[in-house]
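Take a look at the structure below.
The values are calculated or read from the model by the stated rules, or taken from the named source; none is laboratory data. The structure presented is a predicted model; accordingly, all values stated were derived computationally and were not measured. Reconstructed Cβ throughout: ideal geometry from the backbone, glycine too, with neighbour counts over all protein chains shown.
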Amino acid sequence: MPGGQPAGARLGSQGPDQGYAFRLVRQFDDRLHLGDVEHADAVAVCVAVAMKRAAAYGRAPVVHDLTIAFTVFGFLDPQADAELVAYRERVFAGVHSSHHYAERRDVVDAVPESMLTRSIKAVELRYESDWRSNLNLSTD
């Protein structure tokens, strides 16, 4: 694009090969515990979080980016906390639709940039001790 990539609120940061994240999602399909969240909604948010993490490193998405995204929202936990499940059911509803881009961005923006640079183990430990510590719930 002439002048470079547009910048501004809610435009994010472009990273290379972002579509690859959708292929990586298939590796998680048999491990996801979605409850009443639609698969398409969970994937839309978690892929966006994974791409946000990958872009922070200036690279294409990798499986670890998705592992962190699915962990933060408890989709890899068969016994996720009831409060987190209720939060997901409320804020994930319909966000896969392009008509709900703003709502999807709100959920993605609930994952602080500082959390995205942590290791998988650090995110998992924080999730296990207090899942809220991986999210900024003031944006919901």
Counted residues in region 45-78 being more than 14 Å from L125 (Cα to Cα) and assigned to a loop (DSSP other than H, G, I, E, B) come to 8
Among (1) in contact (Cβ under 8 Å) with a residue 40 or more places away in the chain; (2) of a type in the set (A, V, I, L, M, F, W, C); (3) under 17 Å from G19 (Cβ atoms); (4) touching an Asp or Glu at 6+ places or on another chain (Cβ under 9 Å), A69 falls short only on (4)
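If I go through region 114-124 residue by residue, how many of them are exposed (fewer than 13 other Cβ atoms within 10 Å of the Cβ) and free of Cβ contacts under 8 Å to residues at least 12 places away in the same chain? Please lay out each step first, then the result.
Of all residues in region 114-124, those exposed (fewer than 13 other Cβ atoms within 10 Å of the Cβ) come to 114, 117, 119, 121.
Subsequent filtering for residues that are free of Cβ contacts under 8 Å to residues at least 12 places away in the same chain retains 114, 119, 121.
Qualifying residue count for the region: 3.
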Qualifying residue in region 19-31 (condition: touching a Gly at 6+ places or on another chain (Cβ under 9 Å) and of a type outside the set (K, R))
no
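Residues to consider are V123, V37; find the one that is part of a loop (DSSP other than H, G, I, E, B), at pLDDT 95 or above and among the aliphatic types (A, V, I, L, M). Working first, answer last.
Values: V123 fails: part of a loop (DSSP other than H, G, I, E, B).
After ruling out the rest, the residue left standing is V37.
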Scanning region 79-94 residue by residue, those in a loop (DSSP other than H, G, I, E, B) and farther than 11 Å from C46 by Cβ turn out to be Q79, A80, D81, A93, G94
